[in-house]
Structures are given as structure tokens and as C-alpha cells.
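Taking it in order: structure first as C-alpha cells, then the write-up.
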Amino acid sequence: MTIVSNANPDGIDYWHENPVTRIGWELLEREPHVLEVGDIVHVQGRSLFSRIIRWVTSSSTEKLSWSSHSALVLEVGNSIKVIDTVGVRIADRTIRSYQTLKSKVLVSRVPGGLSTKQKEMMVAKALEYEGRLYGVFKLFAHALDRFLDNRYVFRRLATMDQYPICSWIVAYCYKRVLGLLFGSLPNAAQPDDILDYCVASRWTCVWVDSSRTLEECKRAYVA
């Protein structure tokens, strides 16, 4: 993980206790509006594929990256929907699907949150990707860059917007709406880069699936 830090006049970091991070799937079931449209979902999957992604997106100076996947909150109502990969295509799915897969999940929010207009723009951009084929070949570009200590070489060539991957969607949505880059160009962004940026830039950790997940992720970032 390569931390890209932003100044924070209040000296508040990602792990601060005010506001308190909300914890647990049961709480999210009762209070879905704990999350907002545009929040970023960081996921650590349990599969071998997820573990390979964590290795591919780590640098030579660190152990496995914490995050193997990222998604964007698309809708908050009776259920919470995210834009994500479903099979071989991009589609919406409920956030509870990560619980079914027994993934570890935490959610970040940009400081101050998004305005209503920004949320509408975020959803509109995200929905441009709905139905597109997952860009699995782009994972090979990320893997090849891993052997160059994650230098931006092969990812520079993987620029076809028609075949997105998870971090690509999040990065391009935030670039379109806020002009924000997660420490790299959108086509180079990886799930770990996005979480690194959120931590370093003192975003708010608004929800996590369990206290254990929160502490585990915190240990990965705090010496």
C-alpha cells in the first residue's frame, strides 16, 4: 500500500471515534441510511482469486494488501445496492451479498459527504457501466505491473472503458464528479490504492461488518 496523504486541519484520521464507526450487519439491516449514495465499499474476499488480487496489488515492501475489491453505493432504501461485477457483467447487487460470501467489508465516505447533485451525477456515471462485460484482461495488466513493483507501465495500455473492473468504476466516477484521483490515473487505480487514499486523506469510516474487521484493517495501516 502506498499512502498518499492530504492535509487535514482538524488532525482527524481515518480511525477517529467521532463520528463513531457503525458496526455490524444487523445494524445495517435496521438502519440502512447509515450509508449514503457514493460511499465506497472496500471488500476483502475469502477466495483464492481474492488472495491473488491482494498479492498482485501489493508492493514489494509490504505483505498482502488488505482490500481485494471495491464497489460504489448506488441506492439506499429497503435494501442497499452497489454497482459491482455479477458474473461476467457489471450490474447492481445488494451489499448483503458480501455477507453471504463471508467477505470482510468496510465503507468509506468522502469528508463532508456528497451533495444531492453530486450523488445524482455519481449514479448516472456508474450506470453507464451497467451491462458491460467485466474487463478480466485488465487484471493481467495489473499483474504484469506487479513484477515492476506496481509501476504504471502495462496498465497504461489498458484504457478501454468498454470493459471495466471494480476499481476502474469507482475511480472514474469520482474523477467525473469531484475531479478526484486516488493517487493515480483512474485506469491504474487498484482496490488497495483506493483504500490507501481514503485512510491517508482522513475519509470517514462510516460502517464495518465487525469490530474484528476494523481492528484487522487498522493494524495493516497503523504501525
Of 105-113, 88-96, ordering from highest average Cβ density within 10 Å down gives 105-113, 88-96
Residues meeting the amide H criterion for V86 (H placed from the backbone, H to H distance under 5 Å, 5 or more places apart or on another chain) are A91
Once K102 and R212 are pulled to full extension, the length gained, defined as 0.36 nm per residue separation minus their Cα-Cα distance, is 38.3 nm
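Rank-order 75-86, 209-220 by packing density, defined as the average count of other C-beta atoms within 10 Å over each peptide's residues, highest first. Working shown, then result.
Values: 75-86: 17.7, 209-220: 15.7.
By packing density, highest mean first, the sequence is 75-86, 209-220.
Of the peptides 193-199, 175-181, how do they stack up when ordered by the mean number of other Cβ atoms within 10 Å, highest first?
So the order, starting with the most tightly packed, is 193-199, 175-181.
Rule-based calculations on the coordinates, nothing more; no lab input. Just so it is clear, the structure is predicted and the values come from calculations on it, not from any experiment. Reconstructed Cβ throughout: ideal geometry from the backbone, glycine too, with neighbour counts over all protein chains shown.
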